[in-house]
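Taken together, the values in this text are just the output of simple stated rules run on the coordinates, not laboratory data. Keep in mind the model is a prediction, meaning the values are calculated, not measured. FYI the Cβ positions are ideal-geometry reconstructions off the backbone, even for glycines, and counts take in every protein chain you see.
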Amino acid sequence: MTSSSSRQTLLAEKLIHPQFPRAANYDLEWQFQNAMGPNPLWLAESLSEVLELAPGMRVLDLGCGRAITSIFLAREFGVQVVAADLWVQPHDNWQRVVEAGLEATVMPVHAEAHDLKFAHGYFDAIVSLDAYHYFGTDDLYLGYLIQFLRPGGRLGIAVPARTDEAEGTVPAHLKDEWEWDYHSFHSPEWWRKHWEKTRKVHVEHADMLPDGWLHWLRWEQLTAIEGPAEWREGSAAWAVKLAEDAGRSVGFVRVVARKPGA
Ligand SMILES: C[S@@+](CC[C@H](N)C(=O)[O-])C[C@H]1O[C@@H](n2cnc3c(N)ncnc32)[C@H](O)[C@@H]1O
C-alpha cells in the first residue's frame, strides 16, 4: 500500500481525465471504492455522448453494481433511475443513494436480468455499463429486454470489446492472460448485427469508445497498486497486455439502439 498522499496522487492521475469533465467532479475515493471494473463513470459519461438523456426520463441501469452510475446519471441529467443489480444488494446501494441525497430519483432493486418485474413499456431508456455482456449475448435476450422500453425508447450499452470479430479465436499476443469469459467481448459490428438481425430495434450507434483501451489501462494500473490484494497480480499482468496491444484488439464498445414506434 502506498502512503496516503501518493495514493491521492495516483487516484487523481488515473481517475481524472479531460475527456470526462463530469466524472472529475466526483470524490475519487468514492469512485474507486465502489467501482466494480474499469471506471464506470467514464463509461456512463461516454455513453451519454451518444444516448440523449433528458430530465424526468425513466432509466433502468441494468447491472448497476454499487449504483455509482445510477447516482451519476440522476445527478448529471436529472433522470429517474431504477438501479438494478444481481450481486449487490439494494440495501447497500440505498445507503449510497441516501448519502448522495438522491432518495427521490434513484431506486435500487434486486434483479436478475432474465426475470425483470417491471411493466412493459415503462422505461424511456435502458443503460448497461460493463454488465450487458454477462447476460446479453444470446440471440433471445434483446427481444426480451426491449419489452420494458417504451416505443421510441433507447437501449445503450458500454462493455469490454474486441475491435474485430474472429469468434472463438484469441489474439496471439494476449493469449497468456486471456480468460475464458473474454469470449463475451465482441466488436461494434458484431453488436450491430446481433441486434439488427432481430429487426426489433434500429442501431443508431456502434463504435469503439475513443481511447477506451487507454482508459482500461489506467484502471488496471491503478488496481495493480491500490486495488484489493487478490486483484493486484492479475491487474498488473493485464495492464502489460493492454499496453502491448495498444488498442489493436481490445477496448470498449458503445452501442445504442432505438425501439421503433412513437
Ligand atoms: C463488472 S460488474 C459492473 C458493475 C457496475 N456497472 C460497474 O461498472 O461498477 C457487472 C455487474 O453485472 C451484474 N450482473 C451480472 N449478471 C447479471 C444478471 N444476470 N442480472 C443482473 N445483473 C447481473 C452483476 O451483479 C455486477 O454488478
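The charge dipole of the range 1-52, taken about its Cα centre with unit charges on the Cβ atoms of Lys, Arg (+1), Asp and Glu (-1) only, comes to about 200 debye.
The phi-based Karplus calculation (6.51 cos²θ - 1.76 cosθ + 1.60; θ = phi - 60°) puts the 3J(HN,Hα) values of the range 207-221 at 8, 6, 4, x, 6, x, 5, 5, 5, 5, 4, 4, 4, 5, 5 Hz, whole numbers, x for Gly and Pro. In the chain, a dipole from Cβ-located charges (positive for Lys and Arg, negative for Asp and Glu) runs towards its positive end, and of A24, V255, H202 it is H202 whose Cα lies farthest in that direction. The trypsin sites (Lys or Arg not before Pro) found in the range 68-141 that occupy coil by DSSP, while having at most 10 further C-beta atoms within 10 Å, are K117. Sparsely packed loop sites in the range 214-262 (the trypsin sites (Lys or Arg not before Pro) outside DSSP H, G, I, E and B with at most 13 other Cβ atoms within 10 Å) comprise R248. Any idea what log10 I(q)/I(0) is at q = 0.20, 0.21, 0.22 Å⁻¹ for the range 160-249, Debye with uniform C-alpha scatterers and no solvent? Rounded to two decimals, the profile gives -0.98, -1.04, -1.10. When the square roots of the Cα gyration tensor eigenvalues are ordered a ≥ b ≥ c, the ratio a/c for the range 25-174 is 1.5 or more and a/b does not exceed b/c, which makes its shape oblate.
Using only C-alpha positions, report the orientation-averaged shadow area of the convex hull of the range 120-191, nm², one decimal.
On the way: hull surface 21.1 nm².
Over every viewing direction, the Cα hull of the range 120-191 projects on average to 5.3 nm².
If you bin all the Cα-Cα distances of the range 111-262 at 10 Å, starting from zero, the percentages per bin are 11, 37, 30, 18, 4, 0. What Kirkwood hydrodynamic radius do you get for the chain when you take the inverse of the mean 1/r over all pairs of distinct Cα atoms, in Å? One decimal place: 18.7 Å for the Kirkwood radius. Estimated purely from DSSP H runs of n ≥ 4, each contributing -39500 (n - 2.57), the mean residue ellipticity at 222 nm for the chain is -11000 deg cm²/dmol once divided by its residues. Cross-link reach is defined here as a Cα-Cα straight distance under 16 Å, omitting same-chain residues fewer than 8 places apart; for K117 the aspartates and glutamates meeting it are D61, D85.
Both radii come from the Cα set of the range 39-124: Rg as radius of gyration, Rh as Kirkwood radius; their ratio Rg/Rh reads 0.93. Peptides 82-91, 220-229 ordered by packing proxy, namely the average of other Cβ atoms within 10 Å per residue, highest first: 82-91, 220-229.
About the centre of its Cα atoms, the range 1-97 shows a dipole size close to 140 debye [charges on the beta carbon of Lys, Arg (+1) and Asp, Glu (-1) only; nearest 20 debye].
This model, with +1 at the C-beta of Lys and Arg and -1 at the C-beta of Asp and Glu, gives the range 20-176 a dipole about its Cα centre of some 340 debye.
When the charge dipole of the chain is built from unit charges on Cβ atoms (+1 for Lys and Arg, -1 for Asp and Glu) and taken about the Cα centre, the candidate among L145, A246, P160 whose Cα reaches farthest toward its positive end is L145.
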